[in-house]
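Below: the structure, in structure tokens.
The values are calculated or read from the model by the stated rules, or taken from the named source; none is laboratory data. If you're wondering where the values come from, they're calculated on a predicted model, not measured in any experiment. Every residue, glycine among them, receives a Cβ derived from its backbone with ideal geometry; neighbour counts consider all protein chains shown. Please note that ligands, DNA and RNA were not included when accessible areas were found on the heavy atoms of the full protein model with its side chains. Shrake-Rupley method; radii C 1.70, N 1.55, O 1.52, S 1.80 Å.
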Amino acid sequence: MKITIIGAGYVGIVSGTCLSEFGHEVVCVDNDAAKIATLCQGQIPIYEPGLADLVAKNVSGGRLRFTTDLSEAVPRAEAVFIAVGTPSTRRGDGYADLSYIYAAVKELAPYLAGYTVVVDKSTVPIGTARQVSRIIRETNPTADFDVASNPEFLREGAAIGDFMRPDRVVIGVENERAAAVLREIYSPLYLIETPIVVTGIETAELIKYAANAFLAVKISFINEMANICEAVGADAIALAKAIGLDGRIGKKFLHPGPGYGGSCFPKDTVALLRTVQEYGVSARIVESAVEANAAQKARMVKKIRDAVGGSEAGKIIGVLGLTFKPETDDMREAPALTILPALMEKGARIIAHDPQGMKEAAKYLPEGITYVDNPYEVFTGADAIILLTEWNQYRALDLKEVMGRMKSPVFVDLRNVYEPNRLREMGFVYFGNGRG
Ligand code: NAD
Ligand code: UGA
């Protein structure tokens, strides 16, 4: 099928590339001319494992290309996917900023030709697809189109696998004609028996928020359990394993950490709360998960302060990992953005390493951080080390070398990568997360 994707970000490039890998003819459009120029030169503007090779393969196969020109990309398409950003508004009220969606729709509407399904792939609040439909009708009254909602569940760092082998595909439509187009697009998943859930549009829009909110609740739950473990002298890893073995609970997303970050859980949970408010209902569990997440980040600052003897002033703190999770360069809402400035404000000096995220991190973190290319340099003269993001390359550090370089061997492992007893036996003053 002929597909056009509007927005060549994390979701747009991955979706477009994977759909072309399915055999569809895909054009990705972005209004950022520099980004499109980069893509046209065969470079990928984001770090996502496996993406560069898959893009190259499908570009050379003639199934994938990139452009800024809607006038040629839209008329050809049987389906136009909208994958532009929906960040929180700059007002800071937590509502999703839909201006990028509405602008993209106004721009594409005049070029619709022949029957086209306009699909919201971005995460959007209830009612957005109806607004999209209204804008198209106003802008191009003769357009033959349907709108649909097809939320995306991929995770950064595992995006290609998630897209090519999803747990499910959700299709929100108003009629069978639109459903048929989307079923056809996802028909290559027939072989791996992927469940296709077809619903009304509002249900599909809400499914996306419900899924992210549930996962955020699960993380906040295990973080609170980890905090209780620390207080009572219990072990959160054993606890998570034991409760996770119950099939009704499940073992995934039960890893205590410094609080969830990223471009989605933080903004989507709060946007859901705003929607809920508008409709006069409540979502107290999600509200608590959001509060618990903010408290978790603050708690990490105190944990580090306590680990360095009660005051960060004048201390050199080495930081391993800056991105909100491994295998991405995305710094959006990364816990580092809350934790490191708080430590620096109290006089800590930060030396940091991240395998992919240092360039992005430098845009958002205060000046004065020393970024190093060799992870071992963060240990040199350090009063403490914080393991903030569990990149694989931090899992098998040469601990003797680490110990030899540090001024004081305080190891704050916020992701529980290391075995506490082993490090303590080696002479580290080790703090895990929930390992009382
Ligand atoms: P992003 O910020 O990485 O990319 C958005 C892209 O849209 C940018 O390249 C921007 O230049 C482009 N854009 C904006 N307005 C445009 C316009 N009018 N015309 C053409 N291009 C335009 O965003 P993202 O992380 O890919 O997220 C996109 C959406 O998908 C969001 O709603 C997000 O919540 C959702 N989502 C993201 C992920 C993820 O892992 N990042 C996963 C699932 C869903
Ligand atoms: C998340 C969802 O997992 C995707 O299904 C969804 O499509 C996406 O949001 C989205 O809507 O954009 P992502 O943000 O890429 O994906 O990353 P996750 O792997 O979910 O991690 C999010 C945050 O939770 C990270 O900061 C991670 O460190 C944290 N986390 C995750 C934990 O602290 N503990 C866990 O057990 C799992």
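Structure data summary
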{"item": "Residue that is farthest from ligand 2 (Cβ to nearest atom) [pool: residues in region 54-93 that are part of a loop (DSSP other than H, G, I, E, B), β-branched (Val, Ile, Thr) and under 30 Å from residue 333 (Cα atoms)]", "result": "68"}
{"item": "Positions within region 197-221 being touching a residue at least 60 places away in the same chain (Cβ under 8 Å), away from ligand 1 (no atom under 16 Å from the Cβ) and closer than 30 Å to residue 241 by Cβ, in sequence order", "result": "217, 220, 221"}
{"item": "Test: residue 143 is in contact with a Ser or Thr (Cβ under 9 Å, 6 or more places away or on another chain), in a helix (DSSP H, G or I), in contact (Cβ under 8 Å) with a residue 12 or more places away in the chain and away from ligand 2 (no atom under 16 Å from the Cβ)", "result": "no"}
{"item": "Long-range neighbours under 6 Å by Cβ, at least six apart or interchain, first residue part of a strand (DSSP E or B) within region 115-128, second within 16 Å of ligand 2 (Cβ to nearest atom)", "result": "119/81; 119/150; 120/82; 120/149"}
{"item": "Region 133-156: number of residues that are within 13 Å of ligand 1 (Cβ to nearest atom) and buried (at least 21 other Cβ atoms within 10 Å of the Cβ)", "result": "5"}
{"item": "Residue match in region 238-248 (condition: assigned to a loop (DSSP other than H, G, I, E, B) and touching a helix residue (DSSP H, G or I) at 6+ places or on another chain (Cβ under 9 Å))", "result": "no"}
{"item": "Cβ-Cβ under 6 Å pairs, at least 6 apart or on other chains, region 322-343 side among the aromatic types (Phe, Trp, Tyr), far side at pLDDT 95 or above", "result": "324/261; 324/262; 324/334"}
{"item": "Only one of 223, 227 that is more than 13 Å from ligand 2 (Cβ to nearest atom), in the same structural domain as residue 360 (by TED's automatic domain parsing) and of a type outside the set (D, E, K, R)", "result": "227"}
{"item": "Of all residues making up region 379-436, the number that are away from ligand 2 (no atom under 16 Å from the Cβ) and either part of a loop (DSSP other than H, G, I, E, B) or not small (Gly, Ala, Ser) (or both)", "result": "37"}
{"item": "Single residue of region 99-117 satisfying the filter (more than 16 Å from ligand 2 (Cβ to nearest atom) and in contact with a Ser or Thr (Cβ under 7 Å, 6 or more places away or on another chain)) that is least open to solvent (accessible area, probe 1.4 Å)", "result": "109"}
{"item": "Filter result (under 24 Å from residue 331 (Cβ atoms) and buried (at least 20 other Cβ atoms within 10 Å of the Cβ)) within region 19-34", "result": "28, 30"}
{"item": "All positions within region 238-285 that are closer than 16 Å to residue 208 by Cα and more than 7 Å from ligand 2 (Cβ to nearest atom)", "result": "266, 267, 269, 270, 271, 272, 273, 274, 275, 276, 283"}
{"item": "Residue in region 387-394 that is more than 22 Å from residue 220 (Cα to Cα) and of a type in the set (Asp, Glu) present", "result": "no"}
{"item": "Residue 194, sole failed condition from (1) touching a residue at least 40 places away in the same chain (Cβ under 8 Å); (2) outside the structural domain of residue 290 (by TED's automatic domain parsing); (3) in a loop (DSSP other than H, G, I, E, B)", "result": "(1)"}
{"item": "Boolean, residue 271 is in contact with a Gly (Cβ under 7 Å, 6 or more places away or on another chain), in the same structural domain as residue 413 (by TED's automatic domain parsing) and within 13 Å of residue 433 (Cβ to Cβ)", "result": "no"}
